[in-house]
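See below for the structure under consideration.
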Amino acid sequence: MHAAQPAAPVAPAALPTPTGRTLADWLDVHDGVLLTRGYKGQTIKNRRANLAHVRRLWGSVPVAELKPHAVASALRTFPKEKSSTACRVLAELRDAYVEAIANGWAETNPARDIKPPKHRVMRERLELDVWQQMRTLAQASPQRWVESMLLLGLAIGQRRADLAKVRF
């Protein structure tokens, strides 16, 4: 009596064949994976915005054929003032490939060894003379709380956004 040979695994009809799987195809699947992670709505929205850049830059490339050089070259196309966006896009690409490898869509992660672009902070320190001008304007304002907010910010070093949330 012959033992029955196990049937070869059959790819689901909804998925493209391995040779035709593009990164955009994987990102459609990856979006579902993101939804199972329990992220808040705003986090999902932010991640999808970064994945839209991934889709725009590399979506047409077969998922198994993306090379590190192509990743690095595309990241350099972001303007210097958008280096933080380039960093987040790289992080999303890495995460997408980690999941793609786990699900058998790719063998290697082309984004793994790419150094993130240098992120340049755009903030500047508030000069004392500028603060004094702001206080003078606040004193002339009918809204008396503005001067108090400026003094509080100076005393405790809080950020503007944190001071704006203060409720009396």
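The values are calculated or read from the model by the stated rules, or taken from the named source; none is laboratory data. Only a predicted model underlies this, so the values are computations on that prediction, with no experimental measurement involved. Every residue, glycine among them, receives a Cβ derived from its backbone with ideal geometry; neighbour counts consider all protein chains shown. Please note that ligands, DNA and RNA were not included when accessible areas were found on the heavy atoms of the full protein model with its side chains. Shrake-Rupley method; radii C 1.70, N 1.55, O 1.52, S 1.80 Å.
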Whichever residue in the stretch 65-97 is in a loop (DSSP other than H, G, I, E, B) and under 18 Å from ARG21 (Cβ atoms) and, among such residues, is least open to solvent (accessible area, probe 1.4 Å):
LEU66
Within the stretch 68-122, tally of residues that are without any contact (Cβ under 8 Å) to a residue 12 or more places away in the chain, among the aliphatic types (A, V, I, L, M) and under 22 Å from HIS30 (Cα atoms)
3
Which pairs have Cβ atoms under 9 Å, sit 6 or more apart or on different chains, and link a residue in the stretch 150-165 that is under 18 Å from GLN139 (Cα atoms) to one that is open to solvent by less than 60 Å² (accessible area, probe 1.4 Å) and outside any helix (DSSP H, G or I)?
LEU152/VAL166
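Residues are listed down the side, and each one gets a yes or a no for (1) open to solvent by less than 50 Å² (accessible area, probe 1.4 Å); (2) within 13 Å of ASP95 (Cβ to Cβ); (3) among the small types (Gly, Ala, Ser); (4) at pLDDT 50 or above:
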| position | (1), (2), (3), (4) |
| --- | --- |
| MET1 | no, no, no, no |
| GLN5 | no, no, no, no |
| ALA8 | no, no, yes, no |
| PRO12 | no, no, no, no |
| GLY20 | yes, no, yes, yes |
| ASP28 | no, no, no, yes |
| GLY32 | yes, no, yes, yes |
| LEU35 | no, no, no, yes |
Members of the stretch 98-134 found to be closer than 18 Å to THR85 by Cα, open to solvent by 100 Å² or more (accessible area, probe 1.4 Å) and aliphatic (A, V, I, L, M), listed by number
MET122
Right, GLU147: part of a helix (DSSP H, G or I) and more than 25 Å from the chain's Cα centre (by Cα) or not?
yes
